[in-house]
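Notes to accompany the following structure.
The values are calculated or read from the model by the stated rules, or taken from the named source; none is laboratory data. Predicted model, so just to flag it, every value in this text is computed and none were measured. Don't worry about glycine lacking a Cβ; one is built from the backbone with ideal geometry, like all the others, and counts go over all protein chains shown.
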Amino acid sequence: MIRAVYPGTFDPMTNGHLDILTRAADLFDEIIVAVADDNNKQTLFTPAERLALIEEEVNGQPKIKVMTFCGLTVEFARRQGARTLIRGLRAMSDYEYELQLAMMNKKFAPEIETIFLMAQVKYSFVSSSAIKWASRLEGRIEDFVPAGVERALREKYRLQAPR
């Protein structure tokens, strides 16, 4: 069985994340969506909330598991028996950051490879940060996130659904 880990903060998961996950699931026998518990980001959703939102979207897909983790991603991947990390890229700015991360991970765990999947053009500008910002300002985000994420954001910001 070829297992891969798709790590991230997923605060919140977007349709772009789901697209990368769906495409990665076509390439591997099993994908573990690894929700980072400890990171340098100020998150809106707790790890448990992020896990639940993702599970709601992937429910019933036998090739996809969702787990939280702490510590180095490559150590988590080792514990899960995965030798591949999946990362999504939207723009050159993502590539520079992701390349540094991949090289650091390679130094820590030479046996683990990082595979980059390019975002589809329609998701190339969508980021979790932009989604939170637009939602907080009562923007229409239904084209960018799953319905459960939209509801959760509106609840967090205590907003009414757009008319």
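Okay, here's what the table says:
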item	result
In the range 56-108, the residues that are in a helix (DSSP H, G or I) and hydrophobic (A, V, I, L, M, F, W, C)	Val58, Val74, Phe76, Ala77, Met92, Leu99, Leu101, Ala102, Met103, Met104, Phe108
Residue in the range 84-95 that is buried (at least 18 other Cβ atoms within 10 Å of the Cβ), over 16 Å from the mean Cα position of the chain (by Cα) and within 20 Å of Leu21 (Cα to Cα) present	no
Arg78 vs. criteria surrounded by 13 or more Cβ atoms within 10 Å (Cβ to Cβ), closer than 17 Å to Tyr6 by Cβ and under 16 Å from the mean Cα position of the chain (by Cα)	no
Selection count where residues are polar (S, T, N, Q), closer than 19 Å to Ile32 by Cβ and either free of Cβ contacts under 8 Å to residues at least 24 places away in the same chain or in contact with a Cys (Cβ under 9 Å, 6 or more places away or on another chain) (or both), scope the range 76-126	0
Residue that is farthest from Gly81 (Cα to Cα), among those in the range 13-36 that are buried (at least 17 other Cβ atoms within 10 Å of the Cβ) and of a type in the set (D, E, K, R)	Asp19
Positions within the range 1-33 being small (Gly, Ala, Ser) and within 14 Å of Lys63 (Cα to Cα), in sequence order	Ala4, Ala24, Ala25
Single residue of Leu21, Leu53, Leu27, Leu44 found to be in a loop (DSSP other than H, G, I, E, B) and modelled with pLDDT of 95 or more	Leu27
Answer residue from the range 106-126, given it is in contact with a Gly (Cβ under 8 Å, 6 or more places away or on another chain) and buried (at least 16 other Cβ atoms within 10 Å of the Cβ) and is farthest from Arg3 (Cα to Cα) among those	Val126
